[in-house]
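Structure first, then comments.
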Amino acid sequence: TLASLSPSSNYEFQVQSDCGAGNTSAYSASGTFTTLAPPCNVPSGLSPSAVTNNGATLNWNAIAGANGYVIQYRIVGAASWTTINSASNSYNLTGLAANTTYEFGVQTTCASNSSAFAAATSFATSAPPCSIAGGLAASSISNNSAILSWTAVSGAANYNVQYRIVGS
């Protein structure tokens, strides 16, 4: 048994018989073998950060010996994955749908092989920002009341109104 061999290396070996008392044969013809490539480890520590309504930064622990990474992501429950490549252990994902739950997995690519994909991790994008109301108007103004109106904002469930005497 040989140990401490270099990975992904070609070796040759020969054998000499030793019958004792200095009686040895010549060395045999060479035999050869190639050691396997080191394992390409599955990424760990998958975590999203800086999640917004249309993007997120995907992060994972770096793998020693990695040439790069393959990222797959999808809306949870979707039939197919979108695949992208990254040279580092982080990727800024953009163009996502607001208020949607996504999942992503990462695979390590090494010089001669690839790992399995890490178990998928999920994250949810936020709702889009609420737009500012416009078209402000006051009508039916009396000495102690007024009706206020504005243009409806798409997606608004309610409105909060504040008022004061000018300058107070």
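The values are calculated or read from the model by the stated rules, or taken from the named source; none is laboratory data. Note that the structure is a prediction, hence the values are computed from the model and not measured. All Cβ positions, even for glycine, are placed from backbone atoms using ideal geometry, and neighbour counts span all protein chains on display. Side chains are part of the model used for accessible areas, which takes the heavy atoms of the whole protein and leaves out ligands, DNA and RNA. Shrake-Rupley method; radii C 1.70, N 1.55, O 1.52, S 1.80 Å.
One table, with the values for the structure above:
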{"quantity": "Stretch gain in nm, segment S122-V166, where the contour uses 0.36 nm per residue and the Cα spacing is subtracted", "calculated": "10.9 nm"}
{"quantity": "Highest-fluctuation residue, A29, A50, A120 considered, GNM on the chain with Cα pairs under 10 Å", "calculated": "A29"}
{"quantity": "Surface share of carbon and sulfur [accessible, 1.4 angstrom probe, percent] for region 43-121", "calculated": "47 percent"}
{"quantity": "Additional length obtainable on full extension of the chain from T101 to T32, 0.36 nm per residue less Cα span", "calculated": "19.5 nm"}
{"quantity": "Taking the convex hull of Cα positions in region 1-133, its mean projected area over all directions (nm²)", "calculated": "12.0 nm²"}
{"quantity": "For peptides 154-167, 77-90, sequence by mean Cβ density within 10 Å, most packed first", "calculated": "77-90, 154-167"}
{"quantity": "Extension gain (nm, one decimal) between V15 and V153, 0.36 nm per residue minus Cα-Cα", "calculated": "41.2 nm"}
{"quantity": "Carbon + sulfur, % of accessible area of region 127-168 - ligands and nucleic acids excluded, 1.4 Å", "calculated": "56 percent"}
{"quantity": "Mean Cα-pair separation over length for region 1-126, i.e. relative contact order, pairs under 8 Å, 6 or more apart, %", "calculated": "25 percent"}
{"quantity": "For region 31-46, 3J(HN,Hα) per residue [Karplus equation, 6.51 cos²θ - 1.76 cosθ + 1.60, θ = phi - 60°, Hz, x = Gly/Pro]", "calculated": "x, 10, 7, 10, 6, 6, 5, x, x, 9, 6, 6, x, 10, x, 5"}
{"quantity": "Square roots of 5 times each gyration tensor eigenvalue, C-alpha, region 53-127, largest first, Å", "calculated": "24, 13, 9"}
{"quantity": "Whole-number accessible area per residue in Å² for the chain, which is evaluated in the context of all protein chains at 1.4 Å", "calculated": "68 Å²"}
{"quantity": "Approximate spin-label separation S44-T1, in nm, with each point projected 7 Å along Cα-to-Cβ", "calculated": "2.6 nm"}
{"quantity": "Simple label model, 7 Å out from Cα along Cβ direction - T82 to S139, nm", "calculated": "4.4 nm"}
